[in-house]
Structures are given as structure tokens and as C-alpha cells.
1. Go through segment 290-313 and count every residue that is within 15 Å of the ligand (Cβ to nearest atom), in a helix (DSSP H, G or I) and not hydrophobic (A, V, I, L, M, F, W, C).
2. Taking segment 1-59 only, how many residues are polar (S, T, N, Q), over 24 Å from Pro245 (Cα atoms) and within 22 Å of the chain's Cα centre (by Cα)?
3. Filter segment 261-274 down to the residues that are surrounded by fewer than 22 Cβ atoms within 10 Å (Cβ to Cβ) and within 14 Å of the ligand (Cβ to nearest atom) and list them by number.
4. Filter segment 97-132 for residues that are within 22 Å of Val29 (Cα to Cα), within 9 Å of the ligand (Cβ to nearest atom) and of a type in the set (S, T, N, Q) and give the result.
5. I'd like to check something: does segment 28-43 contain any residue that is farther than 25 Å from Ile314 by Cβ, within 13 Å of the ligand (Cβ to nearest atom), surrounded by 21 or more Cβ atoms within 10 Å (Cβ to Cβ) and not assigned by TED's automatic domain parsing to the domain that holds Lys305?
6. In segment 142-165, what residues are in a loop (DSSP other than H, G, I, E, B), more than 18 Å from Gly187 (Cα to Cα) and hydrophobic (A, V, I, L, M, F, W, C)?
7. Yes or no: segment 192-215 includes at least one residue that is out of contact with any Ser or Thr (no Cβ under 8 Å at 6 or more places or on another chain), assigned to a loop (DSSP other than H, G, I, E, B) and farther than 27 Å from Lys331 by Cβ.
8. What is the residue count in segment 174-194 for residues that are surrounded by fewer than 17 Cβ atoms within 10 Å (Cβ to Cβ) and among the polar types (S, T, N, Q)?
Amino acid sequence: MKVIVIGGVAAGMSAAGKIKRNRLDAEVVVYEKGGTLSYGACGLPYYVSNVIKDRDRMIARTADEFRSQGISVNLYHEAVKVIPERREVIVKNLKTGETLIDTYDKLVITSGASAVVPPWEGSGLGNIFVLSNLEDGDAIKQAAHHSDVKSVAVIGAGFIGVELVEAFLEIGKQVTLIELQNQILPGFDKDMVQSLQEELAQQGAVLKLGEKVERFEGSGRVNRVITNVNSYAADLVVIAVGVRPNTSFLDGTDVARLKNGAVVVDRSMRSSIPDIFSGGDCATVYHRILVRTDSYIPLGTNANKQGRMIGDIITGIPVDYQGTLGTAMIKVCGMEAAKTGITEKEAVINGIPYKAVTVTAENHAAYYPDPEPLLIKLITSPDSKKVLGAQIAGRSGAAIRIDIFAMAVHTGMTAPELGYVDFGYSPPFAGVWDAVGIAANRVK
Ligand SMILES: Cc1cc2nc3c(=O)[nH]c(=O)nc-3n(C[C@H](O)[C@H](O)[C@H](O)COP(=O)(O)OP(=O)(O)OC[C@H]3O[C@@H](n4cnc5c(N)ncnc54)[C@H](O)[C@@H]3O)c2cc1C
């Protein structure tokens with residue numbers, strides 16, 4: 001059996017590695033457009049700020065390590081076309097410019113997604129970046145640590161944008177965060193991000209919410225961002241307004257895709273064409289609460305699981321993807337936030353009946369020094385009281401608690417069941433009623 005993998009980072013190398021571990025005799029050929037495999041993209045903001053100093057630590061496994069496992073790795077090789085009828089992939093060697101045709105028994109498409117850059121005038125000016133991969137991280141890091149870069153504008157207040165604001169504050173820049181919506185982290189309900197916005201402002205960031213970027217100005221290098229409201233000094237700009245799946249090499253094929261280009265896959269990561277699998281940021285994912293396979297949630301958590309499962313399925317181990325909850329966490333300077341399952345916004349958009357309960361509870365026993373408030377919002381089903389989603393914001397101990405809620409949502413636990421789980425108690429860590437239990441027991 002010969003397997004071609006297009007794209008060699010989280011999903012791709014999880015699949016390739018698993019196939020080889022399950023079946024030594026399988027021939028696995030990876031084509032990766034870039035020069036690095038299997039690195040921690042999620043660590044890039046911390047690499048930019050120099051919290052992570054050593055570039056090598058960003059790389060989980062090198063090409064040579066994969067090669068020694070028997071995987072044929074081809075860096076700087078871009079898949080430019082797939083011809084499913086002939087089971088062919090046309091690949092361009094980006095170093096030599098030559099093209100080659102390779103054939104597969106099974107094809108794994110794990111080509112990820114690229115940052116969207118709207119057609120704003122001036123976006124080609126110097127010192128305007130996106131942050132999608134390690135090379136982008138290198139470029140931003142190099143530019144940002146230059147002493148003549150005093151002010152930075154981050155466009156887009158999603159996870160990557162907010163993490164970058166923290167990174168630029170960390171290295172002493174004046175930071176302006178510009179966001180079209182009237183809140184940061186639009187994946188959260190608005191009432192959950194107020195304290196995070198205050199934290200960013202307190203740390204020195206200027207937040208411009210509800211503003212639309214129109215163009216960039218500068219001569220050779222950017223020096224201003226112009227919005228529909230005002231203009232802001234910026235010696236460096238990062239555009240972080242979303243991503244688009246890298247699947248244009250499928251144009252002209254019958255592989256079913258969403259409007260944004262994501263390959264539609266079922267719970268076995270099978271595409272609409274036999275023997276073509278896909279996962280990670282270039283594919284859809286099964287959402288456990290929305291019960292649909294066409295969700296697009298580009299997260300490393302999903303990519304790693306989907307990739308590993310593709311490896312199992314291709315080698316004959318039947319597994320079904322259990323579903324994502326979109327669980328995500330973020331550090332926002334001295335604060336933390338996290339979410340799992342559906343938000344109130346998502347319940348409304350999807351017409352799901354719900355009840356929302358918001359509580360503030362302390363992160364450890366109130367009598368132990370320095371208790372800190374955790375804001376928790378639970379979304380439950382009004383009839384069954386099943387927990388459908390949770391969001392949390394606070395300081396120490398906030399984000400990691402989301403995993404308890406994720407388990408409750410995943411298993412279909414009701415709020416009363418969650419409220420009486422035997423959580424541990426010790427003053428430095430939790431109260432005798434932990435914040436999670438307090439929130440669950442508030443659901444009537
Ligand atoms: C700054 C940042 C922070 C993040 N933080 C988090 C986080 O905290 N938690 C979390 O869960 N997720 C996070 N993510 C998202 C996470 O990194 C991605 O979901 C994950 O990397 C997706 O893995 P993937 O394998 O699908 O795609 P990618 O990692 O994008 O890999 C795809 C690879 O395919 C290659 N490729 C593309 N087209 C072709 C082609 N035609 N031929 C050959 N190769 C091709 C690309 O060069 C790329 O190397 C973050 C992402 C970024 C950028």
C-alpha cells in the first residue's frame with residue numbers, strides 16, 4: 001500500500017507516523033511545501049516574544065527523524081494538482097522548478113490553512129506580516145526586536161491576534177489592537193471578555209473595537225494604519241483576521257468542499273472521493289454538540305486527532321472521530337480564558353434551546369491567601385439540563401478547569417450530575433465546593 005500525504009505538520013505527520021507504526025510495510029510519501037515538519041505553531045506568539053528563545057525547541061521532530069522511521073519526506077515540494085481518476089498527484093519541486101507525477105493507493109490531504117489578507121491598499125508594504133508558520137514567526141521576531149520598531153498594530157482580535165498583543169507588550173512595544181467586531185475573541189460571548197479587554201488595556205494595549213481597516217500607508221515600510229474611524233501609527237503590522245484552507249490544488253476535481261475550500265469529511269475523515277482522506281485545518285470536523293460533520297474549526301487539537309485517526313483507518317483499524325467541542329484556551333497577559341461546547345451566541349445562531357447561567361466563584365478556598373475570581377458561564381439544555389457549553393475567564397487556575405467542563409459536555413452529563421462530582425478540596429487549589437461545582441449547581 002502506498003500513501004501520499006500532502007502537507008507535513010500536525011495532521012499530516014500524525015497520519016504518516018501512525019501509518020508507519022501500524023504497518024511497517026506501508027510506503028508513506030510526504031510532500032511538504034515548506035522547509036519544516038511537525039513544529040509547534042501554537043507556540044509561535046511565545047517564540048516571537050522570546051519567551052521561547054530556542055528555535056529548535058519549536059520543532060517536535062525533524063525530517064531526518066521521520067526518515068529514520070521509514071517515511072519518505074520531500075521538503076519544498078508543493079502538490080499542485082490531484083487527479084483522482086488516475087490516483088495521481090502532480091508535485092512541483094520548489095527548489096528546482098521541476099514537476100513530477102506520483103501515484104497513490106490512498107491520499108491524505110493535510111495541507112492546513114493560510115492567513116487571509118484582505119485586498120487592503122498598501123498591504124504589500126514592508127513590515128506587514130501574517131503569522132501562519134515558523135518562517136512567519138522568524139520574520140516577525142526579527143523585525144519586532146529591531147529598536148526602530150516602536151509601535152505595532154495587530155489587526156484582528158481572535159486567538160492569534162490577542163496572543164500577539166501580549167507578545168508585543170512583552171517586548172516593550174506600543175500596541176494597537178484593531179478589531180471589526182465590538183469585542184475581542186469573537187468566539188466567546190461578549191459578557192465573558194470584558195475583564196480580558198480591561199486586562200489588555202491595563203497592560204498598555206490600545207483597543208480599537210468596531211473599527212474597519214481601510215488601508216496602510218508608508219513609504220517602502222508601513223507607518224500608519226487607516227481605519228474608517230481614525231489612523232494609527234504602526235512601524236509593524238500583523239494581519240490576523242482568519243484563515244482559509246489550502247486546497248486550491250483540488251480545483252477541477254469532484255472532492256466536495258465547503259465554500260471556504262475546506263474538504264468535507266465524514267467521521268472517518270473520508271472525503272467524497274474513495275481513498276482520499278483529509279483532516280486538520282484544510283478539512284471539516286464533526287461537531288459533537290451541533291451533530292454535524294461540516295463544522296470548520298481550525299485547531300491543533302482537532303488536527304492531531306484527525307491525523308492520528310486517519311493513520312488508523314487507512315491501516316484497517318476502524319475508528320470514528322468522536323467529535324470536537326471546539327475546546328480552546330488562551331492566556332491574555334495576567335489572565336486566562338477558555339471555552340468548550342457551544343456559546344450562547346452559537347445556541348442562538350443554531351436555534352438550540354438553552355439556558356445560560358453565569359457565576360463568579362473563587363479559584364481556591366476563600367480563606368487561603370489571594371483568592372481570585374473565576375467568571376464561569378454555563379449553557380445547558382432547558383429540559384434535560386445537559387451541559388452544552390462552558391466559558392471561563394479569570395486568573396490562576398481558570399483555563400485548565402475548562403477540561404472538566406469539556407468532559408461533562410462530551411459525556412452528556414447534566415448540570416446536577418456535574419455539581420455533585422467528587423472533586424478534590426485543598427485550600428491552595430480549590431474550595432470545598434470547587435468553582436466548577438458551584439457553577440453547575442446554580443443551574444435550576
Ligand atoms: C500562531 C498560532 C497559534 C495557534 N495556537 C493554537 C492553540 O493554542 N491551540 C490550538 O489548538 N491551535 C492553535 N493553532 C492552530 C494550530 O496550529 C493548527 O490548527 C494546526 O497547526 C493545523 O495543523 P495542520 O496539520 O492541519 O496544518 P498546518 O500546521 O498548517 O500544516 C499544513 C502544512 O501543509 C503544507 N502545505 C500546504 N499546501 C501544500 C501543498 N499544496 N503541497 C504540499 N504542502 C502543502 C503547509 O506548508 C503546511 O506546512 C495556532 C495556530 C497559529 C498559527
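The values are calculated or read from the model by the stated rules, or taken from the named source; none is laboratory data. What you are looking at is a predicted structure, and each value in this text was computed from that prediction instead of being measured. Positions of Cβ are backbone-derived with ideal geometry, glycine not excepted, and every protein chain shown enters the neighbour counts.
1. Of segment 290-313, the ones within 15 Å of the ligand (Cβ to nearest atom) are 295-311.
Checking the rest, the ones that are also in a helix (DSSP H, G or I) come to 300-311.
Filter once more, so that each one left must be not hydrophobic (A, V, I, L, M, F, W, C): 300-302, 304-308, 311.
Residues meeting the conditions: 9.
2. Taking segment 1-59 and keeping what is polar (S, T, N, Q), we get 14, 22, 36, 38, 49-50.
Next, from what is left, pick out any that are over 24 Å from Pro245 (Cα atoms): 22, 49-50.
Now drop any that are not within 22 Å of the chain's Cα centre (by Cα), which leaves 49-50.
Qualifying residue count, segment 1-59: 2.
3. First, pick out the residues of segment 261-274 that are surrounded by fewer than 22 Cβ atoms within 10 Å (Cβ to Cβ): 261, 264, 266-268, 270, 272-274.
The answer is Gly261, and nothing else.
4. Thr110, Ser111
5. No: segment 28-43 contains no residue that is farther than 25 Å from Ile314 by Cβ, within 13 Å of the ligand (Cβ to nearest atom), surrounded by 21 or more Cβ atoms within 10 Å (Cβ to Cβ) and not assigned by TED's automatic domain parsing to the domain that holds Lys305.
6. Residues of segment 142-165 in a loop (DSSP other than H, G, I, E, B): 145-150, 156-158.
Keeping just the survivors that are more than 18 Å from Gly187 (Cα to Cα) gives 145-150.
Selection gives Val149 alone.
7. no
8. Final tally of qualifying residues: 3.
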